[in-house]
Amino acid sequence: MARVFSGIQPSGELHIGNYLGAVQNWVRLQHEHDCLFSIVDLHAITQPYDPGTLASLTADMAVSLFAAGLDPDKSIIFVQSHVAEHTELDWLLTTVTPLGELERQTQFKDKSQRQESVPAGLLAYPILQAADVLLYKASLVPVGEDQVQHLELMREIARRWNARYGEGYFPEPQPLLTKTKRVLGLDGKAKMSKSLGNTIGLFDSPETIWEKLRPAATDPARKTRKDPGNPDICNIFTIHQGFSPPETVAEVAHKCRTAGWGCLDCKRVLADNMIAALTPMRERADAIKREPARLLEWLRAGAGRARALAGRTIVEVRDRMGFLKAGGD
Ligand code: SF4
């Protein structure tokens with residue numbers, strides 16, 4: 001069974017954008033592969049953040065992942081900073097990573113432009129990503145389009161380390177390109193993001209879901225109910241594809257193109273399907289929140305299983321890199 005690694009930032013409770021864009025796929029993958037999913041808090045601190053809320057945002061993300069269907073008996077689910085081997089391998093890989101490749105990363109260029117003083121951690125971010133994956137010798141990484149360049153760098157780092165210290169030791173991770181949906185915010189313009197206030201939360205109540213969906217942007221060419229629409233450019237249709245069964249999706253496309261119904265009718269069907277899918281998740285989240293000790297125990301056990309794998313890699317890597325063994329090893 002191939003090993004899969006993927007990470008998500010500790011941004012608090014999930015919204016439907018990051019659920020449909022990543023986590024819904026993870027829930028499927030855990031039945032097909034040997035999966036590790038990490039809440040990557042060490043990555044989160046490369047951007048300005050509030051130390052007063054990092055822990056609670058991490059815990060909220062953990063609740064979301066378990067409530068959305070990640071199963072601690074099937075997958076290894078853990079917080080990145082709970083496994084110190086990530087930072088050790090990160091440093092060791094830093095010594096084989098070409099600076100020019102880091103500077104060429106599009107995400108670094110974008111993010112560094114927005115900061116007055118650029119922390120070195122932002123530049124080194126892809127090395128920590130490489131460490132995350134290589135630590136577990138994962139061969140598959142589910143990636144979005146914006147991560148393809150980082151994955152290529154990860155493969156380059158693995159090749160360089162292997163060439164110097166042990167041909168074939170680290171597998172070169174391959175992208176796992178699965179169909180995920182890129183959902184825009186309710187404004188239909190920007191990416192769905194909490195900072196833009198254009199999200200539907202995974203645990204929003206049925207009333208809130210409808211309140212948010214009702215005024216959401218649709219195909220702007222559909223000015224009146226009689227105008228046919230184009231579902232391919234409508235964000236509501238994209239969300240239908242995430243929550244409605246295939247026959248409903250086909251019906252939506254047909255009724256949109258033929259002006260067979262109004263956008264409000266279309267949204268009402270979507271709201272009902274979303275509520276049916278999200279209600280069990282909200283109930284699971286409420287149950288997990290009532291037992292915070294159980295949540296911490298799941299994360300502790302996940303970190304323990306991750307550490308057992310990571311520890312083996314680190315011992316072998318140190319050995320191949322020629323370090324003197326500490327007494328007792
Ligand atoms: S009918 Fe549905 S898919 Fe078509 S434009 Fe309106 S909301 Fe979008």
As computed over the chain, the Cα convex hull volume per residue (Å³): 154 Å³
Heavy-atom accessible area ranking, 1.4 Å probe, most first, across Tyr49, Tyr169: Tyr49, Tyr169
Estimated inter-spin distance, Thr208 and Asp319, nm [label 7 Å along Cα→Cβ]: 5.2 nm
Charge dipole (region 205-324, unit charges on Cβ, about Cα centre) - positive-most of Ala259, Leu296, Ala276: Leu296
Apportionment of accessible area to carbon and sulfur, region 1-111, percent (1.4 Å): 55 percent
Solvent accessible area, Å² - Tyr165, 1.4 Å probe, full protein context: 50 Å²
Accessible surface ranking that places the most exposed of Trp261, Trp210 first, with a 1.4 angstrom probe: Trp210, Trp261
Counting all C-alpha pairs of region 1-131, share separated by more than 18 Å (%): 59 percent
Per-q log10 I(q)/I(0), region 84-130, q = 0.19, 0.28, 0.32 Å⁻¹ (Debye; single scatterer per alpha-carbon; no solvent): -0.60, -1.04, -1.20
For region 7-144, size of Cβ-based charge dipole, Lys and Arg +1, Asp and Glu -1, in debye: 320 debye
Cα-Cα over 30 Å, subset of Lys74/Lys111; Lys137/Lys179; Lys111/Lys179; Lys189/Lys226; Lys74/Lys212: Lys74/Lys111; Lys74/Lys212
Heavy-atom accessible area per residue - the chain, 1.4 Å, Å²: 49 Å²
Surrounding net charge for Ala68, when Lys and Arg each add one and Asp and Glu each subtract one, Cβ distance under 11 Å: 0
In region 94-175, GluC sites (Glu not before Pro) in a DSSP loop with at most 12 other beta-carbon atoms within 10 Å: Glu116, Glu167
Inter-centroid distance (Cα atoms) of region 206-245 relative to region 280-323, Å: 39 Å
Range of Cα positions in region 104-227 per principal axis (Å), largest first: 66, 36, 30
Order of exposure, largest accessible area first, which applies to His33, His86 with probe 1.4 Å: His33, His86
Stokes-Einstein translational diffusion, region 265-329 - Kirkwood Rh over all Cα pairs, 1.567 mPa s, 4 °C, in µm²/s: 80 µm²/s
Solvent accessible area, Å² - Thr258, 1.4 Å probe, full protein context: 80 Å²
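The values are calculated or read from the model by the stated rules, or taken from the named source; none is laboratory data. If you're wondering where the values come from, they're calculated on a predicted model, not measured in any experiment. Cβ atoms come from the backbone with ideal geometry, glycine included; neighbour counts cover every protein chain shown. Note: accessible area is taken over every heavy atom of the protein model, side chains too, but ligands, DNA and RNA are not part of it. Shrake-Rupley method; radii C 1.70, N 1.55, O 1.52, S 1.80 Å.
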